[in-house]
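Visitor: Pasting in a structure now, in structure tokens, and then I'll have a few things to ask.
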Amino acid sequence: MPEVASSVSTKRPAVDPRAPYREAFERVSCSRAEHEPGRIGSLRSEAIGRFEELGFPTKRLEEWRSTDVRPIAQSSITFEASAGLVTESDVADYRYPDTCELVLVNGVYRPELSRLADLPEGVVVSSLVEAWSEHPDLVEPHLGCHAKFESHAFVALNTALHENGVFVFVPRGVVVETPIHVLHIGRGAAQAVASFPRNLFVAEESSQCRVIEQYATAEASQTAGSTFVAPVTEIILAPSAVVDHYKLQRESTDAFHMATFQIYLERASNFTSQSISWGGGLVRNDVNAVLAGEGCEATLNGLYMVEGRQLVDNHMRVDHVAAHCDSHELFKGILEGHARAIFSGRIFVHKGAQKTDAKQTNRNLLLSPTALVNSNPQLEIFADDVRCTHGSTVGQLDELAVFYLRSRGIGEEAAKSLLTYAFAADIVQRIKDKSVRRDLEEFLFRRLPRGEVVRQAV
Amino acid sequence: MSLLEIKNLHVSVEDAEILNGVDLTVEKGQVHAIMGPNGSGKSTLAQVLAGRDTYEVTQGEILFKGEDLAEAAPEERAREGLFLAFQYPVEIPGVSNVYFLKAALNAIRKHRGQEEMDAMDFLNYVREKMSLVKMDEALLNRPVNEGFSGGEKKRNEIFHMAVLDPVLAVLDETDSGLDIDALKIVADGVNSLRSEGRAFLVITHYQRLLNYIVPDVVHVLVDGKIVRSGGKELALELEDKGYGWLEGKAKEQVAAHA
């Protein structure tokens, strides 16, 4: 039975799927060499070497058992970004007012589409390329230091091939009130257009900021071709830093999205993330948080709503390295059609991480008998005074609740939609950013049958 | 034409017969009480009237305003003016009580060919109804029943009833679990809604509620059959004697039919 998209071909590829990436590496490493320190050059070489050894992951690997990436390996790939074809009208729908907005198209930074805002003194928000030339001292200590490519083919590809991305630096004690919006627009072509955005967010001691990462597809190309984006975002929270992060993944169903999000928390820092996925055909989010200093807190929430033959895989790993840290994970999923979701949540409590309080919950709502969920929570605990809980559920709409709503005069479809919305609501309500929240609500009203009744009733 | 006519109603769930031949006629303006021991089929009758499809009507018919309800969906019954106050109201997190009611009321008004109510008119209308059940305004903006106490949930059911303005209201053990103050509030709410054009079917396990909502007719349901009907004094008799003496009667009736 085909696991993923209908585009899975049983034909073996004529060439080694790694070959185009090797060629891209030659080009990128050459063009970037003079702008980056030697360490990055070496890192690129090591990473491409590692990718060549690893190849694309197969289902024989435990971490990829349920997610078949052959559609990516077998796609013919182009690195021709055609970024110029995207114009203001493709971007307008995704803009968030009153933010500091940076637009990348197929991984290429587009200053003329971006809208930078005035930010407090010392704050840096720029493309990564620009940051290497203007602030190498701020980038150098962090880039590539947290996201590990040794055992992850897509992180290896990104490390070897990234050309640009967004760099954010918030200096000690500064509170940035304007949200920083990183808008990645994909524009597909006959061959899948590959891009490897690399983002680095550094929040210095006692600083605060909000960052929104949005991944979308240019309207005009929603039915024309595919994209393959493998972003890596590293985020570092120095002691007592507070970062509020959102990820909105809403690409077209032709898109391949293989993202890694690496978070490093130092003492008493606080990180919150809401990851929303409703787009993409084959989507993987690896989210790794390392709680390295005492007293930090990480909240990693998410909502996925998929239909047709979409597949979304959220792979979480939380490392409790230091004592007295809290982590909370709540992921909810709504599946229709033949959609498939994977949730893998590993909590790793290191020796010495006493008084850890870790909670993980994954709840899934299946709206069709052909949708499928694999939920796999895992605890590994090497300390003896901790509290760790995990739970996962897969269920359908409650028949009694549907009856209750219908008994008040609400039609069956609308009743089911209301309950589906209600299922999503505790994630929706946790979204503090108004723009992201409005986008998610609008999506739900549009997607749910009789959404106008839902709009009226919530 | 009677408002509600139930004729020889037989209902099964997973092959177990729960109602076996219920006959009941309710006229506009009347209050009927249905009493009976646990497991006698009271709640089944309530849910079948509202159209829950986990129950199968195997025989007989239900006529509401002269129309056979057999094929009517729950929402169609509601729009025609039938209301069920649930024994266990369901919590719906994420859906606001007041907006939900607005959507429900507008669905009903649309069915009746009335214009949808705008936000201002609706709010005034709702405030008036809230005073009937002395409901705290804070409960309006909370999600439907979420975190409500038992008493608040029951009051919320009566509030929904007041807003949706049915012609037949079925109250399924709305009194159970209520302390005497909450019981009086619920009863006052119901009494204030009694009118020429509206009827109530009050299902209860205990006689106490009927001190406050005085019925025109009392029926006793035992083993899926109405074994006795009478005036309000029947309820007092049951309070004295319990149901035991009627349970024997049910068996006799079944034996006589066999």
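Visitor: Give me the net charge for the shell around residue A:133: Cβ to Cβ below 11 angstrom, other residues only, Lys and Arg +1, Asp and Glu -1. Kindly include the intermediate steps, with their values, before the conclusion.
Guide: On the way: positive: none; negative: A:34, A:36, A:130, A:134.
Net of charged neighbours comes to -4.
Visitor: Name the residues of segment B:59-75 whose accessible area, probed at 1.4 Å, falls by at least 30 Å² once all protein chains are in place instead of their chain on its own?
Guide: Checking the loss per residue gives B:74, B:75.
Visitor: Would you please name the chymotrypsin sites (Phe, Trp or Tyr not before Pro) within segment A:357-458 that are DSSP coil residues with at most 14 other C-beta atoms within 10 Å of their C-beta?
Guide: Values: sites: A:382, A:403, A:404, A:421, A:423, A:443, A:445; in loops: A:382.
Passing both the DSSP loop test and the Cβ count: A:382.
Visitor: Turning to a different aspect of this structure: Could you tell me the ratio Rg/Rh of segment A:397-458? Both radii from Cα atoms, Rh via Kirkwood. Please report the intermediate quantities before stating the final value.
Guide: Values: Rg = 11.9 Å, Rh = 11.9 Å.
Computed over Cα atoms, the ratio is 1.00.
Visitor: Once amide H atoms are built 1.01 Å from N in the peptide plane, which residues 5 or more positions from residue A:201, or in another chain, come under 5 Å H to H?
Guide: Residues meeting the criterion, in which the H sits 1.01 Å from N, are A:168, A:234, A:235, A:236.
Visitor: Output the antiparallel fraction of DSSP beta bridges having both residues in chain A, as a percent to the nearest 5.
Guide: On the way: 8 of 138 bridges.
If I count the DSSP bridges inside chain A, around 5 percent turn out antiparallel.
Visitor: Between B:95, B:26, B:144, where does the largest GNM mean-square fluctuation fall for chain B, given springs only between Cα atoms within less than 10 Å?
Guide: B:95
Visitor: Moving to a separate point now. For segment A:19-292, what proportion of DSSP beta bridges, expressed in % and rounded to the nearest 5, is antiparallel?
Guide: 10 percent
Visitor: Mind checking which of B:85, B:16, B:73 has the largest fluctuation in a GNM of chain B, springs on alpha carbons under 10 Å?
Guide: Greatest mean-square fluctuation among the candidates belongs to B:16.
Visitor: Further question: If you take each beta carbon of peptide A:411-424 and count the beta carbons of other chains within 10 angstrom, what is the mean? Could the numbers behind the result be given before it?
Guide: Details: counts 6, 3, 0, 4, 3, 0, 0, 6, 5, 1, 3, 9, 2, 1.
Counting other chains' Cβ atoms within 10 Å and averaging over A:411-424 gives 3.
Visitor: Give me, ordered by chain and number, the residues 5 or more places off residue B:198 or on other chains with an amide H under 5 Å from its own placed amide H.
Guide: B:29
Visitor: So what J values fall out for segment A:397-410 if you push phi through Karplus, 6.51 cos²θ - 1.76 cosθ + 1.60 with θ = phi - 60°, rounded to Hz, Gly and Pro as x?
Guide: Once θ is set to phi - 60°, the couplings for segment A:397-410 become 4, 6, 4, 5, 5, 4, 4, 4, 5, 5, 5, 9, x, 7 Hz.
Visitor: Let a ≥ b ≥ c be the square roots of the eigenvalues of the Cα gyration tensor of segment A:157-235; is it rounded (a/c under 1.5), or, if not, prolate (a/b larger than b/c) or oblate? Walk me through the numbers before you get to the answer.
Guide: Working: a/c = 4.93, a/b = 2.03, b/c = 2.43.
The shape class here is oblate.
Visitor: Per the Debye formula with a single identical scatterer at each Cα and no solvent contribution, what log10 I(q)/I(0) holds for segment A:127-168 at q = 0.29 Å⁻¹?
Guide: Treating every Cα as an identical point scatterer, log10 I(q)/I(0) equals -1.05.
Visitor: Can you tell me which of B:78, B:107, B:119 moves the most in a GNM of chain B? Springs connect C-alpha atoms under 10 Å apart.
Guide: B:119
Visitor: Here is a follow-up. Write down the percent of antiparallel bridges among all DSSP beta bridges whose residues are both part of chain B, to the nearest 5. Intermediate results must be reported in sequence, preceding the final value.
Guide: Numbers: 24 of 42 bridges.
For chain B, the DSSP antiparallel bridge percentage is about 55.
Visitor: Please state the charge dipole magnitude for the protein assembly as shown, taken about the Cα centre, from unit charges on C-beta atoms (+1 on K and R, -1 on D and E), reported in debye and rounded to the nearest 20. Numbers along the way, then the final one.
Guide: Numbers: 75 positive and 102 negative charges, 121 e Å.
About 580 debye.
Visitor: Find the relative contact order for segment A:314-422 and round it to a whole percent, using C-alpha pairs within less than 8 Å whose residues are 6+ positions apart.
Guide: Numbers: 230 pairs, mean separation 28.9, N = 109.
Relative contact order comes out at 27 percent.
Visitor: Based on the inverse mean of 1/r over its pairs of different Cα atoms, what is the Kirkwood hydrodynamic radius of the protein assembly as shown, in Å? List each step's numbers first, then the result.
Guide: Details: mean 1/r = 0.0347 Å⁻¹.
Computed over Cα pairs of the protein assembly as shown, the Kirkwood hydrodynamic radius comes out at 28.8 Å.
Visitor: Calculate for chain B the 222 nm mean residue ellipticity that helices alone would give, adding -39,500 (n - 2.57) per DSSP H run of length 4 or more and normalising by residue count, nearest 500 deg cm²/dmol. Show your work: numbers first, answer last.
Guide: On the way: 10 runs with 104 residues, N = 258.
Result for chain B, helices only: -12000 deg cm²/dmol.
Visitor: Keeping all protein chains in place, calculate the accessible area per residue for segment A:206-327 (probe 1.4 angstrom), answer in Å².
Guide: Details: 2630 Å² over 122 residues.
In whole numbers, segment A:206-327 has 22 Å² accessible per residue.
Visitor: Here's a follow-up. Over segment B:4-257, give the accessible area per residue in Å² for a 1.4 Å probe, as an integer.
Guide: With the other protein chains kept in place, segment B:4-257 gives 43 Å² per residue.
Visitor: Residue A:315: net charge of surrounding residues, Cβ under 9 Å, Lys/Arg +1, Asp/Glu -1, itself excluded?
Guide: Values: positive: A:284, A:317, A:346; negative: A:63, A:286, A:313.
After counting each charged neighbour, the total is 0.
Visitor: How many times 2.2 N^0.38 Å is the alpha carbon radius of gyration of segment A:72-160? Before the final figure, lay out the partial values.
Guide: On the way: Rg = 16.1 Å, N = 89, 2.2 N^0.38 = 12.1 Å.
For segment A:72-160, the normalised Cα radius of gyration comes out at 1.33.
Visitor: I would also like to ask the following. Taking H placed 1.01 Å from N in the peptide plane, check which residues at least 5 places from residue A:373 or on another chain put their amide H under 5 Å from its amide H.
Guide: A:341
Visitor: Within the P(r) computed for segment B:4-257, what percentage of the Cα pairs occupies the region above 29 Å?
Guide: On the way: 9548 of 32131 pairs.
Tail fraction, whole percent: 30.
Visitor: Roughly how much accessible area, to the nearest 100 Å², goes out of reach of solvent when B and A pair up, both sides summed, probe 1.4 Å?
Guide: The B and A chains share an interface burying roughly 2300 Å².
Visitor: Follow-up. Going by a ≥ b ≥ c, the root eigenvalues of the Cα gyration tensor, does segment B:84-124 fall in the rounded group (a/c under 1.5), the prolate group (a/b larger than b/c) or the oblate group?
Guide: Details: a/c = 2.65, a/b = 1.56, b/c = 1.70.
Here segment B:84-124 falls in the oblate category.
Visitor: If we count every other residue with Cβ under 10 angstrom of residue A:407's Cβ, Lys/Arg +1 and Asp/Glu -1, where does the sum land? Show your work: numbers first, answer last.
Guide: Working: positive: A:406, A:408, B:52, B:77; negative: B:75.
It works out to a net charge of +3.
Visitor: How big is the Rg/Rh ratio for segment A:216-331, C-alpha atoms only, Rh by Kirkwood, two decimals?
Guide: On the way: Rg = 15.7 Å, Rh = 14.9 Å.
For segment A:216-331, the value is 1.05.
Visitor: Would you work out what percent of the accessible area of the protein assembly as shown, with all protein chains in place, is carbon or sulfur (probe 1.4 Å)? Mind showing how you got there, number by number?
Guide: Details: 13530 of 28550 Å².
In the protein assembly as shown, the share of accessible area belonging to carbon and sulfur is 47 percent.
Visitor: Another question about this same structure. Got a sec to turn the phi values of segment A:88-103 into Karplus ³J(HN,Hα) couplings, 6.51 cos²θ - 1.76 cosθ + 1.60 with θ = phi - 60°, whole Hz, x for Gly and Pro?
Guide: Computed from phi, the couplings for segment A:88-103 are 3, 5, 6, 9, 3, 5, 9, 5, 10, x, 6, 10, 9, 10, 10, 10 Hz.
The values are calculated or read from the model by the stated rules, or taken from the named source; none is laboratory data. Here the structure is a predicted model, which means the values were calculated and not measured. Cβ coordinates were reconstructed from backbone atoms using ideal geometry, including for glycine residues, and neighbour counts include every protein chain displayed. With ligands, DNA and RNA removed, areas are computed over all heavy atoms of the protein, side chains included. Shrake-Rupley method; radii C 1.70, N 1.55, O 1.52, S 1.80 Å.
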